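Student: I'd like to ask you about the structure that follows.
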Amino acid sequence: MSRIICIANQKGGVGKTTTAVNLAASLAATERPTLLVDIDPQANATSGVGIDKAGLKHSVYDALINEYDPSALVVDTGHPFLHIMPANSDLAGAELELAPEIGREQKLKFALAALAPRYRYIVIDCPPSLNLLTVNAMTAADSVLIPLQCEYYAMEGLSQILNTIGLVQKRINPLLKIEGILLTMFDARGNLSRDVAEEIRTHFPGQVFETVVPRNVRLAEAPSHGQPIIYYDIASRGAASYLQLAREIISREAING
Ligand code: ATP
Ligand code: MG
């Protein structure tokens, strides 16, 4: 049985791509076959695992628009158990092209259904918008993981994404769950991160991951080397946090069935 987790937050720069790349790599490191799916036209997850996006002939765009055979779009990252369905800038036009299509919200779901038997986990990196691409991800997914940056206005905008999740549950994907809220870029030196974390845990009891991702320069450096953090610097605090997140997700699943 495969499990599809979409990483979403319409706010930019909160750690979606960092989480998608490093969670996928950490899950794969447990020898569970994992597929990372990039549906952001910025294609940061694609370059984050070392794929040259400019050199791609085909991408997830072809699955959404041209109904390409999805298995022909999967690329090996060179890391064990980790494949990617990459994105490139073609995807920027996808939303407009999808708009008049019948079943426009379900394109990704059908593409991934064909691949699901091969993977234990599928992790989808969303763009910073609640657009049709993100709705495609939520429609295909079993759950949504929401990264939240530990800063003053962190909770602003959270009601918007919860509202979108609610609409997707009501109209298209009634089984969609919230995997959890992940606190990112936590700065242990100041009080602000701690205060924000406490406030979010109070507002969303039981819905915030125990794992907290620290602000860690190694996490920010790794993408420029095209490597997930566990291959760039396994000894970093960033690597430890994403390995812990993977364990938390795997063990929680064992409890919930
Ligand atoms: P976008 O909305 O543009 O897609 P995003 O939500 O995917 O952004 P990221 O690209 O993951 O966010 O992170 C934004 C920036 O912050 C990147 O430069 C990334 O390297 C850096 N970053 C992310 N997480 C951390 C962290 N825990 N510590 C330090 N830097 C981080
Ligand atoms: Mg991103």
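Student: Report Rg/Rh for the range 89-169, rounded to two decimals, where Rg is the Cα radius of gyration and Rh the Kirkwood radius.
Tutor: Rg divided by Rh gives 0.99.
Student: Can you give the Rg/Rh ratio of the range 32-153, where Rg is from the C-alpha atoms and Rh is the Kirkwood radius?
Tutor: On the Cα set of the range 32-153, Rg over Rh gives 0.95.
Student: Further question on the same structure: Leaving ligands, DNA and RNA out of it, rank GLU31, GLU248, GLU151 by accessible area with a 1.4 Å probe, largest first.
Tutor: GLU31, GLU151, GLU248
Student: From the convex hull of the Cα coordinates of the range 138-257, what is the mean projected area in square nanometres?
Tutor: In nm², the orientation-averaged hull projection of the range 138-257 is 8.6.
Student: For the chain, just the Cα atoms, rotate onto the principal axes and tell me the three extents in Å, largest first.
Tutor: Largest to smallest, the principal-axis extents are 50, 39, 34 Å.
Student: At a Förster radius of 25 Å, what calculated FRET efficiency corresponds to the Cβ-Cβ distance of GLN207 and GLU156, to the nearest 0.05?
Tutor: Rounded to the nearest 0.05, the efficiency is 0.90.
Student: Sorted by accessible area (1.4 Å probe), largest first, how do PHE209, PHE204 line up?
Tutor: PHE204, PHE209
Student: Local charge sum around LEU133 (other residues, Cβ-Cβ under 9 Å, Lys/Arg +1, Asp/Glu -1)?
Tutor: Computed value for this residue: -2.
Student: Please report, in debye to the nearest 20, how large the charge dipole of the chain is about its Cα centre when each Lys and Arg carries +1 at its beta carbon and each Asp and Glu carries -1 there.
Tutor: The dipole of the chain has a size of about 480 debye.
Student: Further question on the same structure: Using the per-residue mean of other Cβ atoms lying within 10 Å as a proxy for protection, in what order, highest first, do the peptides 234-244, 14-24 fall?
Tutor: 14-24, 234-244
The values are calculated or read from the model by the stated rules, or taken from the named source; none is laboratory data. Source: prediction; values computed, not measured. Here the Cβ is made from the backbone with ideal geometry for all residues, glycine too, and neighbour counts use every protein chain on show. Note: accessible area is taken over every heavy atom of the protein model, side chains too, but ligands, DNA and RNA are not part of it. Shrake-Rupley method; radii C 1.70, N 1.55, O 1.52, S 1.80 Å.
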